[in-house]
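Down below is the structure, laid out as structure tokens.
The values are calculated or read from the model by the stated rules, or taken from the named source; none is laboratory data. All figures in this text were calculated on a predicted structure; none of them were measured in a lab. Backbone-built Cβ (ideal geometry, glycine too); neighbour counts: all protein chains shown.
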2 protein chains.
Amino acid sequence: MPFMSSINVGLFGLGVVGSGVLEILRRNGELIRRRLGAELRVTKAVTAHPEKKRAVPLDGISVSRDPDTILKDPNIHIVAELMGGTDLARRVVLDALNAGKPVVTANKALLALHPAEIFGKAYEKGLPLGLEASVAGGIPVLRALREGLAADQILEITGIVNGTCNYILTKMSEEGAAFDQVLAEAQRLGYAEADPTFDVGGFDAGQKLAVLVNLAYGATVNFPDIHVEGIAGVTPMDIGYARQLGYAVKLLAIAKPRGERVEARVHPALISRSHLLASVGGVFNAVFLTGDNVESTLHYGRGAGGLPTGSAVVGDLIDLSRAILSRSLGRMPPLSVQREHVRALAVMPMDEINSEYYLRFQVQDRPGVLAQITRVMGDRNISIKSMFQPSQADHPEDPVQVVLITHQALERDVQASLREIQPMPFVRGPTQMIRIETFEK
Amino acid sequence: MPFMSSINVGLFGLGVVGSGVLEILRRNGELIRRRLGAELRVTKAVTAHPEKKRAVPLDGISVSRDPDTILKDPNIHIVAELMGGTDLARRVVLDALNAGKPVVTANKALLALHPAEIFGKAYEKGLPLGLEASVAGGIPVLRALREGLAADQILEITGIVNGTCNYILTKMSEEGAAFDQVLAEAQRLGYAEADPTFDVGGFDAGQKLAVLVNLAYGATVNFPDIHVEGIAGVTPMDIGYARQLGYAVKLLAIAKPRGERVEARVHPALISRSHLLASVGGVFNAVFLTGDNVESTLHYGRGAGGLPTGSAVVGDLIDLSRAILSRSLGRMPPLSVQREHVRALAVMPMDEINSEYYLRFQVQDRPGVLAQITRVMGDRNISIKSMFQPSQADHPEDPVQVVLITHQALERDVQASLREIQPMPFVRGPTQMIRIETFEK
């Protein structure tokens with residue numbers, strides 16, 4: 001191995017994750033030196049606010065506003081992009097790769113929105129990308145996909161990858177509280193942003209799913225094709241009924257290979273309370289991966305936070321340092337397949353998926369209603385697994401809740417049935433539809 | 001990268017795991033070729049019974065009884081040792097490394113019993129060791145320790161790593177059945193060996209714990225110093241009481257750093273039913289790892305079986321192939337630290353550990369008994385967290401069960417108390433002691 005007494009990192013971003021990285025390098029520098037036989041240190045940082053006081057000491061780090069102080073410095077061996085966003089971050093990652101510097105990034109948005117460009121550049125330059133921090137914080141699940149499960153066809157990815165949503169749904173379930181109320185509490189506690197749309201709307205989970213799919217299948221998917229639904233429509237009533245039926249409600253990011261395409265979707269889902277994912281509570285994340293040989297695996301841990309995410313960043317910095325020291329930057333292709341096998345992977349339209357469904361109708365409590373609903377559904381080959389009417393109406397005009405659980409059915413047929421049922425005269429309110437994830441293996 | 005159209009593997013052992021490997025290479029050969037840009041194939045196999053018919057086709061594989069057909073063949077690039085045992089396997093692994101061939105092994109016994117020799121040889125030769133299959137089958141948990149969590153000090157390892165024991169304890173818990181009865185059923189179903197001692201005695205879990213500790217701390221531990229207890233003494237009564245108190249009973253492999261030493265022990269333990277490990281049922285394995293930055297992580301999946309374990313072997317073969325193709329066999333030090341930092345790590349004597357304890361006394365049901373027991377314990381600084389007497393005796397001479405849960409106490413003090421209490425006149429049978437694992441973070 002070439003003798004190098006230190007690996008110098010140029011850090012973009014001194015926010016929560018950047019500060020976590022500096023704290024970890026300070027605290028575990030000696031451990032890391034024992035691993036590498038060289039020191040791993042941040043020598044330069046770039047931030048929009050170099051003058052700002054930071055909680056973590058910046059001794060020995062030259063801080064600037066100018067990206068070129070890092071990008072044009074031949075003594076910087078690795079670039080860590082921890083700014084977020086897709087404008088400056090995109091230019092920084094591309095410029096770093098063009099300058100021959102391997103990159104670590106925690107930027108799921110960049111990877112989800114510009115996969116062909118970012119992965120393409122890494123392939124072109126024969127450089128590795130450290131991405132572990134971009135999905136599920138400190139959980140080494142991307143490493144499992146690229147390396148640990150490299151011998152397997154991935155048959156299913158089912159992730160709880162947004163801590164805010166999981167916190168809210170866990171609290172709603174434990175306390176019977178409404179979404180708005182729990183969201184406000186989560187905002188007070190710092191588990192939700194002032195503008196929570198990106199998290200509770202499912203977009204954050206969608207971007208993470210895109211990265212998982214890209215790595216699982218050595219491919220790039222078009223993020224806008226991924227179906228994304230958030231959790232704002234989930235009510236305590238549905239969570240309560242689901243529990244009575246043996247289910248928990250989780251925001252899931254789901255992907256499955258479908259011939260030459262992939263099924264990829266984010267939405268609230270009912271899962272059996274006996275499934276391990278149902279026990280993943282609060283802000284924790286977990287990704288359930290099924291391989292054709294390994295069968296079921298679960299990868300669980302903290303999905304956010306400066307130190308957990310920082311741990312993934314520093315793990316990748318160690319990995320890239322080992323690549324530099326052993327002169328093997330090209331060892332691991334960025335998407336775990338050789339360049340000529342990377343393909344654009346089409347997402348199957350939502351209409352074509354099959355699922356079981358939880359349907360809650362609000363209807364007038366009179367004979368014949370259930371027959372009319374089930375006739376519409378039967379005409380579209382949707383068969384009913386169970387029916388559940390929690391209570392009877394006090395007055396004949398009062399609406400009652402009728403819950404149907406379907407067998408596997410085609411989304412297109414279910415949506416058409418709901419459109420046909422909604423205008424019927426006995427319907428007293430909007431119908432709730434939540435998919436049920438039954439797991440294939 | 002050097003152009004190599006194929007990586008040739010020499011396989012020792014054509015049993016369950018060896019056959020799984022061949023099946024995976026056959027089925028997913030194209031996927032693996034896309035990853036490597038070269039074919040990964042087994043060209044030679046060595047087995048004690050070359051003439052035996054195998055379920056998996058051996059086309060293109062030259063099968064022999066002679067290890068040298070592989071070890072002396074310059075066209076063999078990687079040796080996979082899947083025989084088990086520590087005699088021939090030891091010679092094969094050492095000879096392969098001496099011949100400059102990187103090694104993949106699923107052999108926990110070899111790694112646990114001869115760590116200094118095996119890891120030492122790999123370091124001396126600058127060659128990687130693929131070990132993923134040696135612990136917890138298809139779960140990529142060793143990769144998590146060597147790479148994913150490389151930035152962290154590992155504060156706790158808590159594993160359910162023996163599927164036989166977990167199956168038996170799960171069944172005992174679900175059915176209230178006795179150990180012997182469930183063991184017999186497990187033997188019928190093929191989940192337990194005809195001679196079950198190695199599994200149910202905790203030795204298998206102990207060997208896996210040794211490997212986990214070696215990798216977590218870049219060290220070698222002396223396997224005989226690891227405290228190992230099996231599950232034969234666990235009764236349905238204890239499992240029932242534990243459940244009433246909010247606990248599940250699991251066979252745990254536990255390790256924690258203790259200054260310059262390590263706590264490392266295998267025994268049945270009570271864990272909170274709300275802990276994720278309590279939901280790990282049947283033959284599944286899981287390893288709970290806590291890092292100083294990443295905090296809690298869980299790694300779950302199948303711990304045995306030809307395909308799940310074969311998946312880990314082939315994952316390692318892919319990894320070593322990438323190392324060969326990128327000429328970076330020395331990239332990853334076998335224990336994830338540089339050679340000069342590998343140390344012999346002392347195991348803390350069991351007497352010095354601290355734990356909470358579940359103690360079930362069988363005593364005469366008369367006033368003053370509890371006072372005498374708690375006085376003995378109080379004199380040794382053991383304080384009682386809760387007491388539970390499930391029933392009263394019909395006749396004054398009949399024994400009753402008295403369950404005490406202690407606060408954290410020193411093992412030496414607990415053992416001394418039990419020795420002091422056992423001969424007391426009111427004691428009507430042996431006392432049951434099961435440690436309670438409370439998790440530190």
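Things worth noting here:
- Failed item, numbered, when B:Lys256 is tested on (1) surrounded by fewer than 22 Cβ atoms within 10 Å (Cβ to Cβ); (2) within 14 Å of another protein chain (Cβ to nearest Cβ); (3) in a strand (DSSP E or B): (2)
- Each residue in the stretch B:41-60 was checked for being surrounded by 14 or more Cβ atoms within 10 Å (Cβ to Cβ) and more than 14 Å from B:Ser6 (Cα to Cα), and 7 of them qualify.
- Within the stretch A:191-226, being in contact with a strand residue (DSSP E or B) (Cβ under 7 Å, 6 or more places away or on another chain), crowded, with 21+ Cβ neighbours inside 10 Å, not hydrophobic (A, V, I, L, M, F, W, C) and not in a helix (DSSP H, G or I) holds for A:Gly202, A:Thr220.
- For the criterion of being touching a residue at least 40 places away in the same chain (Cβ under 8 Å), surrounded by 18 or more Cβ atoms within 10 Å (Cβ to Cβ) and in contact with a strand residue (DSSP E or B) (Cβ under 9 Å, 6 or more places away or on another chain), A:Ile382 fails.
Table: residues versus (1) among the basic types (Lys, Arg); (2) closer than 23 Å to A:Pro257 by Cα; (3) crowded, with 24+ Cβ neighbours inside 10 Å.
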residue: A:Pro102; (1), (2), (3): no, no, yes
residue: A:Thr105; (1), (2), (3): no, no, yes
residue: A:Phe119; (1), (2), (3): no, yes, no
residue: A:Tyr123; (1), (2), (3): no, no, no
residue: A:Gly130; (1), (2), (3): no, no, yes
residue: A:Val161; (1), (2), (3): no, yes, yes
residue: A:Asp180; (1), (2), (3): no, no, no
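- B:Ala186 being in a loop (DSSP other than H, G, I, E, B), away from every other protein chain (no Cβ under 14 Å) and more than 30 Å from A:Gly29 (Cα to Cα): no
- Odd one out for A:Ser274, checked against (1) within 14 Å of chain B (Cβ to nearest Cβ); (2) among the hydroxyl-bearing types (Ser, Thr, Tyr); (3) surrounded by fewer than 24 Cβ atoms within 10 Å (Cβ to Cβ); (4) in a helix (DSSP H, G or I): (4)
- Within the stretch B:138-158, being outside any helix (DSSP H, G or I) and within 14 Å of chain A (Cβ to nearest Cβ) holds for B:Gly138, B:Ile139, B:Pro140, B:Leu149, B:Ala150, B:Ala151, B:Asp152, B:Gln153, B:Ile154, B:Leu155, B:Glu156, B:Thr158.
- Any hit, the stretch B:97-116, residues being within 13 Å of chain A (Cβ to nearest Cβ), farther than 29 Å from B:Ile436 by Cα and in contact with an Asp or Glu (Cβ under 7 Å, 6 or more places away or on another chain): yes
- Residues of the stretch B:297-308 that turn out to be more than 7 Å from chain A (Cβ to nearest Cβ) and in a strand (DSSP E or B), as a count: 0
- Options B:Val337, B:Val369; residue that is farther than 22 Å from B:Gln244 by Cα and in contact with a Gly (Cβ under 7 Å, 6 or more places away or on another chain): B:Val337
- Residue list for the stretch A:159-171, restricted to those being within 14 Å of chain B (Cβ to nearest Cβ) and of a type in the set (D, E, K, R): none
- Looking across the stretch A:117-137, the residues that are closer than 15 Å to A:Asp319 by Cα, within 13 Å of chain B (Cβ to nearest Cβ) and of a type outside the set (Asp, Glu) come down to A:Leu127, A:Pro128, A:Gly130, A:Leu131, A:Ala133.
- Scanning the stretch B:2-21 for residues being under 14 Å from B:Ile61 (Cα atoms) and within 25 Å of the chain's Cα centre (by Cα) gives a total of 7.
- Matching residues, the stretch A:338-354, being in a strand (DSSP E or B) and away from chain B (no Cβ under 14 Å): A:Ala344, A:Ala346, A:Val347, A:Asn354
- Yes/no for A:Pro399 being at pLDDT below 95 and touching a Lys or Arg at 6+ places or on another chain (Cβ under 6 Å): yes
- Test: residue in the stretch B:87-98 that is in contact with a Ser or Thr (Cβ under 8 Å, 6 or more places away or on another chain) and of a type outside the set (A, V, I, L, M, F, W, C): no
- Checking each residue in the stretch A:323-334 for being facing chain B (nearest Cβ under 9 Å) and in a loop (DSSP other than H, G, I, E, B) picks out A:Ser326, A:Arg327, A:Ser328, A:Leu329, A:Gly330, A:Arg331, A:Met332, A:Pro333.
- Output for the stretch B:94-122, where each listed residue is under 24 Å from B:Gly306 (Cα atoms), part of a helix (DSSP H, G or I) and under 19 Å from the mean Cα position of the chain (by Cα): B:Lys108, B:Ala109, B:Leu110, B:Leu111, B:Ala112, B:Leu113
Every residue, every condition in (1) more than 8 Å from chain A (Cβ to nearest Cβ); (2) crowded, with 22+ Cβ neighbours inside 10 Å; (3) of a type in the set (S, T, N, Q), yes or no:
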{"residue": "B:Gly282", "(1), (2), (3)": "yes, no, no"}
{"residue": "B:Asn285", "(1), (2), (3)": "yes, yes, yes"}
{"residue": "B:Gly291", "(1), (2), (3)": "no, yes, no"}
{"residue": "B:Glu295", "(1), (2), (3)": "no, no, no"}
{"residue": "B:Gly310", "(1), (2), (3)": "no, yes, no"}
{"residue": "B:Ser321", "(1), (2), (3)": "yes, yes, yes"}
{"residue": "B:Ser336", "(1), (2), (3)": "no, yes, yes"}
{"residue": "B:Glu356", "(1), (2), (3)": "yes, no, no"}
